[in-house]
Amino acid sequence: MSETDNFNITETYLKFLEEDSEMTMPIAAIEALVTLVRVKNPTTAAEVINLIKSAAQDLVQSIPNSVSLRAGCDIFMRFVLRNLHLYGDWESTKQHLIENGQLFVSRAKMSREKIAEIGIDFISDDDIILVHGFSRAVASLLAHAANNFIRFRCIVTEARPTSQGKQLYEFLQEKGIPVTLIVDSAVGLIIDKVNKVFVGAEGVAESGGVINRVGTYSVSVLAHNAKKPFYVVTESHKFVRMFPLAADDLPMDRKILDFSKIDSEASLLSGPTIDYTAQEYITALITDLGVLTPSAVSEELIKMWYD
Amino acid sequence: MSETPKDASQTANKKPEAAAQAPEAAKAASPAAPAAPAGDAGAKKLSNKELKELKKQEKAAKRAAKKQASGITVEQQQVQAQAKREKKQQQREKQVQEQKKKEEKKRKLLDNKATKKTSLFSHLETTDERRATLLAIGSALNSPRASRITAAGLMVPVVASALSGAQVYTTSNFASELTTPKDSSADAAAAANTVDLAKSLANISLESTNETNIVPGVSSIIPHALEKSLETPQLVQSIKEMLINKDFIHPVISSLTFNLAIYKIVGSIPRCMAMLEAFQIVIRDYQTPKGTTLSRNLTNYLSHQIDLLKRARPLSVTMGNAIRWLKQEISLIDPSTPDHEAKKDLCEKIGLFAKEKIELADQLIIENASNQIEDGSTIVTYGSSKVLTDLILHNTQVLHKKLEVVVVDSRPLFEGKKMATTLRENGVNVVYTLITSLDTVFNMGVDYVFLGAHSILSNGFLYSRAGTAMIAMSAKRRNIPVLVCCESLKFSQRVQLDSVTYNELADPNDLVPIDFESPMERRSNKGILLKQFVKERHETKVQLAKENAPKGNKQQQQQHKNAKDKNSKAADASSQADAQGDQASHVLDDWQKLASLNIVNILYDLTPPEYINKVITEFGALPPSSVPVILREYKGSA
């Protein structure tokens, strides 16, 4: 009884993320929700729906930068709604929910390997690849390519204000891939030397545009201008039913522009950490469903939600 | 060939003459075939054609020989051949002449039409054509007692009498003419719209000159001016078919057709709603004939109704989609279901369809689009759209957002006035402007452009009120997001790359004078015909007065001089109108008489998908590229 009362969705979610460094936010959210259903043990279908709905809302509100998290919650909600009426017997329905939720999680983990398998064709010998931000999907793809003896070089941006660039730099060095680190403002300088650009995604919007680490938009525009292919490497469970027209429409933890006086230099530089890249700058999305054009995202989402 | 030597041996001495005659005879026998020189044939390599020619010559020679054998001399033969040739020549000339005449007639016809139709849009039905068709059918439908199909064509005595009266150009006659058809038609048919129809009918018929030709099978009431539009054989054919099937037409449909034709019901959603309501009544009143079942016959019966509806205006995409759905529903009915049950079911389904696809869809769209609109933003809209009006009102009244709305409008319909009025009455800040000042509008700090739609095509093109593309493109140029609110019922399977191949032509007269008082009334085409008629009568009257009384003419000229002094040069330009005591006329008033001038008034245009950021439907917000996906996934339901 005490366990059910003390259950906190946010803590569970964070715990999952902490325990497994390979876990992405949407998957952690699904895991947390599955755990919630198991622990709370609701007795009616309506109760389940309400429970998940309120928990998802709590989660989205308590976690800053909730885009990909929202994708996970959406998928689980959809999954629950579709499966609730499948079984007459409530107990088996619940069992089914929990089992399949876990199956979903394990399957999602495998999707990164699949992406690496699909995406390897996009990397060839002598390529110079620009990577912005740290994404597990991109990292695993690059590692997979290196393991297959493709000789390519990487340029990694610093990705301020987070130090994700450094993280990726170290990872690639460890894998034995020739890599160099540049400041974000140097992208324009080196874009002509680059063969292709790879980025990850926090979430993929309905239009096929990408929500990702801040700076992605600038990189994409530069790549577009230099006619370099710009690939987004992402798992399909990050497709989210959102349709931002610009960064204004994104749920932000901070104001995009803050003109009020701030004393410390650290807070001066800490703006929002995500931005939105419109679909016209994206060449293709490399996902576990295959290589998609941006317009195919909407198709996948429609299939996922309405069939 | 094998016989020739035999023949030759029999009449060996006559052979040379016969051979010499051969080419002539061959020519006479087959005027179409080019005569090949006989001598060359042997020398050259024999082609198939030459071989044939040779055979022919030989045959002719044989014939000549035979004739000679039977006692006709060579001279006689020559004379005969000559006579034959002459006769043929005459016939040919006659044929050519006839053909020329026909061509001339055709050209004349084309010339006549060319003045009313741009060659670019010549494949589209003009309003004149539609009006003529509708008149023919409408009169047949609404005065069933009076009209009959005779050998000469369909006669509608009611208006025919009005026509005969129209020959005398006096003002006193005018009044009586106007009343005659109205009264008698009203008697003839009980439908509520008859008076209106008769009025416009009379108006149009009065416009015509004194002689009216009767095109076989076509109503005689069609005025001279409109008759030209009926020259196309296909059109006449289709009208004939319609007239044959006129007994199938339900009165609700004919009244709806009329309302659509005079633009009383406009907008693709209202048109679709009205049609569905009419269909409910039609289905309720439907009786299955003996020997067939409802599921088989009703579709056919509805097709007749739809045929008539098409005459009013081309069917909107929404109507097309609804009809397709309804036909499918009918075909799915189990033949064993009793009729009354099936009919009740269908009516309920139609009601549900309208509710689900239009009302609930609108609610979802409003809900969805509201997420997009931020407090304090400025929105540009074009024309009038019901869902957009509702959306803005929902945001200002329910969600208490402070919005500024710029309603962009255009000639000749000024639809935006309606939307601007509705919004202003509900306390929304409205800026009303015409599309000509678009550039200034977009410098006003606009946040979004919201557009309505007539249809969205499979390739993501937006098919909407003419002018939409201009707005979308201007907005895109300034990086202002363009959003389209559109029910999925408006999605079309069609693919179209330009707005020429398929479009709708409106009355070019709408574009000529600007009637500031009542732009909507002008659409009904009632007023303009009446005005034109009055003007025409007046002109004739003045002319008659001039001819009859030379003295009065002088006086008039004196008056004219006075007026000239007063109004100086400005009056001089329109002196003719002044002389007749008319008000100032517009420059383009007589455009129909200018052979080189065409006025195009098209209703729709296409906006390419790259200018549209988002399409908001009841399925959520989608990029325009997802239209085919929705169509594919919901083929059954939409």
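General observations
- The mean number of Cβ atoms from other chains found within 10 Å of a Cβ in peptide B:613-623 is 5, as a whole number.
- If you bin all the Cα-Cα distances of region B:286-364 at 10 Å, starting from zero, the percentages per bin are 16, 44, 31, 8, 0.
- Shape summary: region A:123-306 maps onto an equivalent ellipsoid whose semi-axes, from the alpha-carbon gyration tensor, are 25, 23, 14 Å in decreasing order.
- Mean separation of Cα pairs under 8 Å and 6 or more residues apart, divided by the residue count, gives chain A a relative contact order of 17 percent.
- Computed extension gain for A:Phe7 through A:Ser92, at 0.36 nm per residue and net of the alpha carbon distance, reaches 28.3 nm.
- Dipole magnitude of region A:2-109 about its Cα centre (Cβ charges: Lys, Arg +1; Asp, Glu -1), debye to nearest 20: 420 debye
- Isotropic mean projected area of the C-alpha convex hull, region A:102-192 (nm²): 6.6 nm²
- Greater than 21 Å apart at Cα, pairs in B:Lys355/B:Lys490; B:Lys49/B:Lys87; B:Lys402/B:Lys476; B:Lys343/B:Lys490; B:Lys240/B:Lys327: B:Lys49/B:Lys87; B:Lys402/B:Lys476; B:Lys343/B:Lys490; B:Lys240/B:Lys327
- If you model region A:85-144 as an ellipsoid using its alpha carbon gyration tensor, with each semi-axis the square root of five times an eigenvalue, the axes come out at 39, 11, 7 Å, biggest first.
- Where the alpha-carbon atoms of region B:401-481 are placed on the principal axes, they occupy 39, 26, 26 Å, in descending order.
- B:Val629, A:Val138 arranged by Cβ crowding within 10 Å, fewest neighbours leading: B:Val629, A:Val138
- Direction-averaged projected area, Cα convex hull, region B:356-432: 4.9 nm², rounded to one decimal.
- Span-like helix check, chain A: qualifying full DSSP H segments, with Cα axial length of 18 Å or more and mean Kyte-Doolittle of -0.5 or more, are A:25-40, A:45-62, A:67-83, A:294-306.
- Which of A:Ser106, B:Ser384 has the fewest Cβ neighbours within 10 Å, and the rest in rising order: A:Ser106, B:Ser384
- Semi-axis lengths, largest first, of the ellipsoid equivalent to chain A are 35, 22, 18 Å, with √(5λ) applied to each eigenvalue of the Cα gyration tensor.
- Cα-based radius of gyration for region A:2-109, normalised by 2.2 N^0.38 Å, reads 1.00.
- Between B:Gln99 and B:Arg284, the modelled label-to-label distance comes to 6.2 nm, taking each label 7 Å out from Cα in the direction of the beta carbon.
A short reminder: the numbers here are calculations on the coordinates, not readings from a lab. Note that the coordinates shown come from a computational prediction; the quantities given were computed from them, not determined experimentally. When we count neighbours, we look across all protein chains shown, and the Cβ atoms used for this are built from the backbone with ideal geometry, even at glycine.
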